[in-house]
Structures are given as C-alpha cells and as structure tokens.
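See structure below.
The values are calculated or read from the model by the stated rules, or taken from the named source; none is laboratory data. These numbers come from a predicted model, not from an experiment. Don't worry about glycine lacking a Cβ; one is built from the backbone with ideal geometry, like all the others, and counts go over all protein chains shown.
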Amino acid sequence: MDQAELYEEATKYYANILTPFSKLVDKKIKEVLALNLPVDMICPSHGVIWRDNPLQIVNKYLQWADAYAENQITVAYDTMWNGTRRMAEAIAHGIESADPDITVKLFNVARSDKNDVITEIFKSKAVLIGSPTINKGILSAAAAMLEEMDGLGFRNKKAAAFGCYGWSGEATTVISKRLEQGGFHVLNDGIMAKWNPNGDAIDDCVRFGKDVALAAQS
C-alpha cells in the first residue's frame, strides 16, 4: 500500500476517533511495550494489517497521543456573502507572510468534509474559526465544527475568532467562548469587519494573521 496514503488515513482515523482517548492510548501502549514481547504482526479487528515493521504504527500512536502538532495553522470559516471568506483569505496571507515555513490550511466548513477539517486541526498548533453574525449567533456549519472540536478534547492548541457583521456582531464572542470551552488557548478577542470588508479591513486582517503567526510560535 502507498505509505503516504496509509498514514494520511491513519492520521484521519486517530484525529476523528481516538483523540478524546489520548491519555488512555498513551498509558496502554506503554504498558504493553513494557512487556518486551516480540511483535511480528499487528492485526486489528478492522483496518490494515501491519506486517513490515509493525511497531511503526505504535510509535505513531504515541506521537499522536502526546498533544500532537505540526508547524501548521488551520483557518476554517463559514460565510454568507463572502465577506468572512475574504477575511479568512487575508488572515491566511498574513500568516504566510509572517512565517513562510508555516503550513496554512484554509477551509470553507460548509463545503468541506468535516473529517478532513478535523484532521488538519489535529495537525495544527493553532486554529482560527470564522463566521458572520446571524441572529446574535453564528452560521450552522461553523457551529457544528465547534461542537466537533469541543467533543474531541484537543490539547495545547491556540485559537482565535473572526467574522463579519452588519448590526450587533456577536459572532467572535460566541466563537471565542466555544473555543475556550473546547480547551483551546484563545489568543485574543478576535477580529470583526463590518459588512463586506474594504481595503482597510483587509489590511487589518493581514496584520491579524501576522500576529497570530507570531503568537503561535511562542
């Protein structure tokens, strides 16, 4: 089997299914390894059979269980009239300009497979969630993503909120509270833009992305 595809799927499985149980995974693997048993093959009740260096997946599970993060930031958003999309793109540009070595993943959560988004959040050291304000809250796809993130119990990840508004602008507060509830370290109060962001607002988003990139390094 192609090794890149194999580990892509293995990472997705761990991120979406096993993340909440990471402490138990770490404890049980170390308990079994302490027995010093020879391992010729790993045959799970479902999934691939590991024959070639079978402990490679065990070692990966140990890495993934230990508050895993790569040099990556994920920007995930929902949008109504593309204003929040423009903010997301400007923020991503700011991150990349501040640190070209950071991998930036950008997702419209209303159009993306949630398992793929969760996998990239799992791999990230920071995540930004965006939504316009609607009825003093946020759009449903962004709310659903926050619900998934809350249940998975990610550890040692930083986060921030962003979004457009027309009248009251509660979205960033709602998102920030949900991120805190999910165990994320919220970096700031987030950034808002009124209506469809203009040139100045886009510049602010670029600066916001730069600030997040610098904060994520510390």
**Asked** Counting only residues that are under 17 Å from Pro132 (Cβ atoms) and among the polar types (S, T, N, Q), which one in the stretch 157-194 is surrounded by the most Cβ atoms within 10 Å (Cβ to Cβ)?
**Response** Thr172
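The rows are residues; the columns are (1) closer than 20 Å to Met192 by Cβ; (2) in contact with a Ser or Thr (Cβ under 8 Å, 6 or more places away or on another chain).
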residue	(1), (2)
Ser140	yes, no
Asp150	no, no
Lys158	yes, no
Ala161	yes, yes
Arg178	yes, no
**Message:** Can you tell me which of (1) free of Cβ contacts under 8 Å to residues at least 24 places away in the same chain; (2) of a type in the set (A, V, I, L, M, F, W, C); (3) surrounded by 14 or more Cβ atoms within 10 Å (Cβ to Cβ) is the one Cys43 doesn't meet?
**Reply:** (3)
**strands (runs of 3 or more DSSP E) (entirely within the stretch 87-201) containing at least 3 residues that are within 12 Å of Tyr77 (Cβ to Cβ)** = 103-108, 126-130, 158-165
**Complete set of residues in the stretch 183-202 that are free of Cβ contacts under 8 Å to residues at least 60 places away in the same chain and out of contact with any Lys or Arg (no Cβ under 9 Å at 6 or more places or on another chain)** = Asn188, Asp189, Gly190, Met192, Lys194, Asn198, Gly199, Asp200
**Request:** State whether the residues of the stretch 15-34 include one that is under 30 Å from Ile202 (Cα atoms), part of a helix (DSSP H, G or I) and modelled with pLDDT of 95 or more.
**Result:** no
